[in-house]
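I have placed the structure first, in the form of structure tokens, so that the comments after it can refer back to it.
Read the figures in this text as sums done on the coordinates, not as results from a lab. Note that the structure is predicted; figures quoted are calculated from it, not measured. Cβ atoms come from the backbone with ideal geometry, glycine included; neighbour counts cover every protein chain shown.
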Amino acid sequence: MSSTSPTPDHGAQPAVAVSDVTKSYGGRRAVDEVSLEVRRGEFFGLLGPNGAGKSTLVEIMEGLRKADSGSVTVFGESPWPRNTGLLPRMGVQTQSSAFFVRQTVHEHLRTVAALFGADREAVDATLDAVGLGGRHGVRVDDLSGGQRQRLAIASALVHGPELIFLDEPTASLDPEGRRDLWEVLRGLKAEGRTIVYTTHHLDEAEALCDRVGILVAGRLVVTDAPQNLIGTFGATSRLLVPLGRIDERKAASLPGVDGVTVQGGHLVLETRATGQVLAALDPLTGLDGVQTRTPSLEDVYLDITARQTQAQTQTQTPHTSNNQEQQA
Amino acid sequence: MSAYSALTAAGYRAQVRDKTTVFFTFAFPLIFLVVFGLIFRGREVEQSGFSYLSYTAAGVLSWGVANAAVFGIGFTLMQWRADDILRMIRMSPAPLSSVIGSRYVLALGVGLVQSVLFVGVAMLPGFDLVPASRWPLLIPVMVLGITTFLLLGVIVGSIADTPESVAGIANFLMLPMAFLSGSFFPLDAMPDWLQKVSLVMPLRYLNDAVSAALTGRGDLSDIGVGCAGLVGFAVVFGVVAARTFRWTKSS
């Protein structure tokens, strides 16, 4: 990665500002009056089911598509039409097919670097950073799926952009590869770079993102820090009590318990007041062997998308209800 | 390294590493030369007194060079758009001129090698082509011809979204044009109205200019008219190419 360092005036002006953006294809609204700000130095996750409009929204932010209405600025400038003053400050992860044919890994990234005017040292450093340091001489056509993905990410980073757009960057990586990439991404954030990324890995979004936005059927339903979302939406915690310690009826009557089920060798108590239930359990069963499962971003996400999708289908006529399948 | 030189280097590597395409790009016109040489051996074109071979050599060379220019950039642009390479370039500050410019230099290189190889073979005993003394004029003529047909190839590569459609559209344009422009058969042998039709084909102008420069048919004014025709078509194709060019599949 080259040494272009991000401008230090954090918060002066958002990295990306999207205001009332709408984009339709045919009669369908792919993006529906979305407003959003990504602050400088922020790690922002855009979540949502397939076909929710994530790609379209990101492409509008990148300046690849023109919004039908509303406004978009990146570092205070409009990215559309092609803004060559802005492009060196942005890095966009390419498709894993976007490699110059019959080139080696190093040759490909060297060519990409030259498009941005980045130097050769940046190529070596970036390949090391994404874990392709030992693969310089391999033809791009001979790379594995995970390696192709790393090279696609490297293509977004090689010129040291301030704002980085990543599209499901860990999708075809193995667990080790994912964790390695998390470190790369955390490193980029630590350098003050802004990252906007889409993912279906909710654990990853929870671990990495400062804030996430959840997009359902073109609408931005909620934007907040993952921990705030989990708190606000009050998803339930679950306490796992080994079977035989307390009977089901008695457990259900404890203060703070919302529901009781049996799963595997455990009685599962659902609650929004973990402390209260634990305090009540302690004198009855002791806490030895009792496990606590706190809600995750995934629980909140599934809850929100299910509710939204339900609300949508109720207001939609049957023949339009499967439109969102079209855009993955 | 500039975007232009990096793209040229990557394009050069991609080209020389694809041995099959290299072979056929250069062998294709030679095969036609051999075939026509066998068919028309020893016969002369009526009126002009030039041998058929000297006639077809210029025509086949023009067609071969034009064909390579159209197909080369047509396939590349289509493939780069399908693979999102154009999208990646679109998201970099590199100008479109560096993309087209790099392909232009590569096409000129291909045209140069094709011409040298072709003329070299045509001069061998059995074909007996004797280049006219003004053969150096072939260089600017070929540069103009490659420019014109490269721009036509940009249009083809921008309209087509699959390899099949590039081949379909390019063949649809280039094959009938080869016959109607007199690349394979002398125009003299065609009805008057067909000769007039040939005037709206860019290959006709390249044929005439190459023929005048390489084999000495006609005079300098034929080269001048040929070049003027090519410039005219280049302008038209350039305008259409600028309007049809697409960075991504969906825009």
Exercise. What percent do you get for the relative contact order of chain A when only Cα pairs under 8 Å and 6+ apart count?
Worked result: 20 percent
Exercise. Which value in deg cm²/dmol, rounded to the nearest 500, describes the helix-derived mean residue ellipticity at 222 nm for chain A, given -39,500 (n - 2.57) per DSSP H run of n ≥ 4 and division by the residue count?
Worked result: -10000 deg cm²/dmol
For this session: Select from B:ALA107, B:ALA66, B:ALA94 the residue whose mean-square fluctuation is largest in a Gaussian network model of chain B (Cα-Cα springs shorter than 10 Å).
Result: B:ALA94
Exercise. According to the square roots a ≥ b ≥ c of the eigenvalues of the Cα gyration tensor, what is the shape class of segment B:132-215, taking rounded for a/c under 1.5, prolate for a/b larger than b/c otherwise, and oblate for the remainder?
Worked result: oblate
Seminar exercise, completed: Expressed in angstrom and rounded, the centroid-to-centroid distance over alpha carbons for segment B:52-82 and segment A:276-309 is 70 Å
Exercise. When only DSSP loop residues count, what chymotrypsin sites (Phe, Trp or Tyr not before Pro) in segment B:83-166 have their Cβ near at most 11 other Cβ atoms within 10 Å?
Worked result: none
For this session: Could you tell me whether chain B comes out rounded, prolate or oblate from its Cα gyration tensor? Rule is a ≥ b ≥ c as square roots of the eigenvalues, rounded for a/c under 1.5, then prolate if a/b exceeds b/c, otherwise oblate.
Result: prolate
For this session: Sort B:PHE23, B:PHE32 so the one with the fewest other Cβ atoms within 10 Å of its own Cβ comes first.
Result: B:PHE23, B:PHE32
For this session: Assign unit charges at the C-beta atoms only (+1 for Lys and Arg, -1 for Asp and Glu), then state the dipole size of segment B:3-244 relative to its Cα centre in Debye, rounded to the nearest 20.
Result: 580 debye
Problem set entry | Between helix B:220-244 and chain B: long-axis angle, C-alpha atoms, 0 to 90°, nearest 10 | 20 degrees
Problem set entry | Ranked list, fewest to most other Cβ atoms within 10 Å of each Cβ, for B:TRP193, A:TRP80, B:TRP63, B:TRP135 | B:TRP193, B:TRP135, A:TRP80, B:TRP63
For this session: Find the centroid of the Cα atoms in segment A:7-77 and in segment B:140-215, then give the distance between the two in whole Å.
Result: 47 Å
Seminar exercise, completed: A correct fewest-to-most ranking of B:MET142, B:MET190 by other Cβ atoms within 10 Å would be B:MET190, B:MET142
Seminar exercise, completed: Rg from C-alpha atoms of the protein assembly as shown, normalised by the globular rule of thumb 2.2 N^0.38 Å, equals 1.31
Problem set entry | Rh by Kirkwood over Cα pairs, then Stokes-Einstein D for segment A:236-293 at 1.567 mPa s and 4 °C, µm²/s | 119 µm²/s
Seminar exercise, completed: Expected unfolding gain across A:GLU248-A:ASP20 under the 0.36 nm per residue rule, minus the alpha-carbon gap, is 77.0 nm
For this session: Return the whole-Å distance between the Cα centroid of segment A:107-134 and the Cα centroid of segment A:232-259.
Result: 54 Å
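Can you classify segment A:16-231 as rounded, prolate or oblate using the Cα gyration tensor, where a ≥ b ≥ c are the square roots of its eigenvalues, rounded means a/c under 1.5, and otherwise it's prolate if a/b beats b/c and oblate if not?
Judged from the Cα gyration tensor, segment A:16-231 comes out prolate (a/c at least 1.5, a/b above b/c).
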For this session: Using a Gaussian network model of chain A whose springs link C-alpha atoms within less than 10 Å, name the residue from A:GLY91, A:GLY289, A:GLY63 with the highest mean-square fluctuation.
Result: A:GLY289
Problem set entry | Interatomic Cα distance distribution for segment B:7-115, bins of 5 angstrom, percent | 2, 11, 18, 19, 14, 11, 9, 7, 5, 3, 2, 1
Seminar exercise, completed: Of all DSSP beta bridges having both residues in the protein assembly as shown, the percent classed as antiparallel (nearest 5) is 70 percent
For this session: Show that you can apply the helix-only estimate: for chain B, add -39,500 (n - 2.57) for every DSSP H stretch of four or more residues, divide by all residues, and state [θ] at 222 nm to the nearest 500.
Result: -25000 deg cm²/dmol
For this session: Rank B:ILE146, B:ILE39, B:ILE73 by mean-square fluctuation in a GNM of chain B with C-alpha springs under 10 angstrom and give only the top-ranked residue.
Result: B:ILE39
Problem set entry | Share, in percent, of DSSP beta bridges within segment A:16-231 that are antiparallel, nearest 5 | 55 percent
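Give the relative contact order (percent, whole number) for chain B; include only Cα pairs under 8 Å separated by 6+ residues.
Worked out over chain B, it gives 27 percent.
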For this session: Over segment B:174-219, calculate the relative contact order: mean separation of alpha carbon pairs under 8 Å at least 6 apart, over the residue count, as a percent.
Result: 33 percent
